[in-house]
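Structure first, then comments.
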Amino acid sequence: MTKIKVHRYTKVQKLLLGSALLIFFACKTENKVKDSSVTLQISPDNAGLSVPEGFGVIKVADSLGKPRHIAVTSKGGVYVKLRQPIDGKGILYLEDNDNDGVAETIDGFADYGGTGIYVDDNYLYASSDEEIFRYKIDGDKKVVNTVTPDTIVTQLINRRQHASKSITLDQKGNIYVNIGAYSNACQEKDRTVGSLGMTPCTILDSAGGIWRFRTDKLKQSYGDGNRFATGLRNVVGLDWNKEEDQLFVTQHGRDMLHTLYPDLYDQKTSAILPAETMYKLKEGDDAGWPYIYYDQLQKKKILSPEYGGDGKKIGGENALDPVVAFPGHLAPNALLFYTGDMFPEKYKNGAFIAFHGSWNRAPEKQAGYLVAFVPFKNGMPSGDWEVFADGFAGSKDILSPNDAAHRPTGLAQGPDGSLYVSDDSGGTLYRIIYSNK
């Protein structure tokens, strides 16, 4: 066994050594403080966006492909679901390594496209257009096994129209998924002049609503879950309101009122009708599609022309009323209830909506391409909706969605209370912060 020679320090040497150690650790502590207080890099001109006074915009990343929904972990990492995989990667993971707000690390996995993504303390959930997958995450909130996730739900209907499967969880072991209607108004011949609406609408058996499944069961399909709510043409934005402990959704309204019924609707009316709607849902609710639509100008549920309506006849006596009605064809693609502490008090528990912009306003100018805010109090809207972030399109004179530079698609809240916004046209990820405190 080798003997270890122990050095005996004099009192003076001990004092000198102690002083040196104090200086060393003081320097290390100072460096740590400096590292943790790196200034967030607000983008010049707020990356082209207009936001309320006191807010700033960081361009976290760009050229990401077609980002749809996003999820931010409690550690600040960002998971991004891509509509189409790039180089076999349909989920991106972004990290900001130096705390300046800009992502330096971008990794990817999962060889499928889609829209839905959600993260909690233990798992990452992501959807294709037919299935929902679950990935175990570690203490750093990173996926443990990217190759063989659990398949939670499978064999969901995909007819290529309104096929995206948006998801959210309720913290009680349930996952909610939108299954969009593969139709405009459930006509016998879809989007065809003179074609009548089907009675009953057989599409509602497997689409046009929200289905609920368990998060702790594998390989579930229609027979294992339940149709939580129906009569919803296509819900891309949905979120669980924790204050109210209830599901809220935003619906894309039907198209082509003037094209299919020119004797009932002129082009200007058709450009703003029907309303894009927000609903507060409980189990068993029916929002009325395809038999009715909501007219935000008359503030009434109107019988659809495919079922004998003329633009004035009311219908849907037993159908759910929306809690908010927005102008038509804005395309609400994400819904997020804000629970953070960074933003001013007016935003607490309110709803942010990402409007993607639609095609069905032509020949009128397009609209949308913004993030809106709806104030809430006691679990219900408490005031008019307002524009929160605008300028994504790059021009106010958009005649086609293809003309838009950026189109808001996903929303997520960071652990510090900042708001992340994804864009599936320019492939940009934005982060909005409030610094005027």
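Rule-based calculations on the coordinates, nothing more; no lab input. These numbers were taken from a predicted model, which means no experiment stands behind them. Glycine also receives a Cβ, built like all others from the backbone with ideal geometry; neighbour counts cover every protein chain displayed.
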Residue pairs meeting the criteria (Cβ under 8 Å; at least 6 apart or on separate chains; first within 23 Å of GLY410 (Cα to Cα) and in contact (Cβ under 8 Å) with a residue 12 or more places away in the chain, in the stretch 250-278; second β-branched (Val, Ile, Thr) and assigned to a loop (DSSP other than H, G, I, E, B)): MET278/VAL323
Answer from GLY316, GLY328 - the residue that is more than 30 Å from GLY54 (Cα to Cα), free of Cβ contacts under 8 Å to residues at least 60 places away in the same chain and assigned to a loop (DSSP other than H, G, I, E, B): GLY316
Of residues in the stretch 182-238 being touching a Phe, Trp or Tyr at 6+ places or on another chain (Cβ under 7 Å) and of a type in the set (A, V, I, L, M), the one surrounded by the fewest Cβ atoms within 10 Å (Cβ to Cβ): ILE203
Qualifying residues in the stretch 279-304 (those that are polar (S, T, N, Q) and crowded, with 19+ Cβ neighbours inside 10 Å) - the one farthest from the chain's Cα centre (by Cα): SER304
Selection within the stretch 45-101 - farther than 21 Å from PHE343 by Cβ and hydrophobic (A, V, I, L, M, F, W, C): ALA61, LEU64, VAL80, LEU82, ILE86, ILE91, LEU92, LEU94
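Being touching a residue at least 40 places away in the same chain (Cβ under 8 Å), in a strand (DSSP E or B) and either under 30 Å from GLY253 (Cα atoms) or in contact with a Pro (Cβ under 7 Å, 6 or more places away or on another chain) (or both) narrows it down to one of ARG191, ARG134, so name that one.
Testing whether each residue is touching a residue at least 40 places away in the same chain (Cβ under 8 Å), in a strand (DSSP E or B) and either under 30 Å from GLY253 (Cα atoms) or in contact with a Pro (Cβ under 7 Å, 6 or more places away or on another chain) (or both) leaves just ARG134.
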Among the residues listed as ASN360, ASN378, the single one being surrounded by fewer than 22 Cβ atoms within 10 Å (Cβ to Cβ) and either under 20 Å from TYR279 (Cα atoms) or of a type in the set (Gly, Ala, Ser) (or both): ASN378
Filtered residue count, the stretch 137-165, keeping only those that are assigned to a strand (DSSP E or B), touching a residue at least 60 places away in the same chain (Cβ under 8 Å) and out of contact with any Ser or Thr (no Cβ under 7 Å at 6 or more places or on another chain): 3
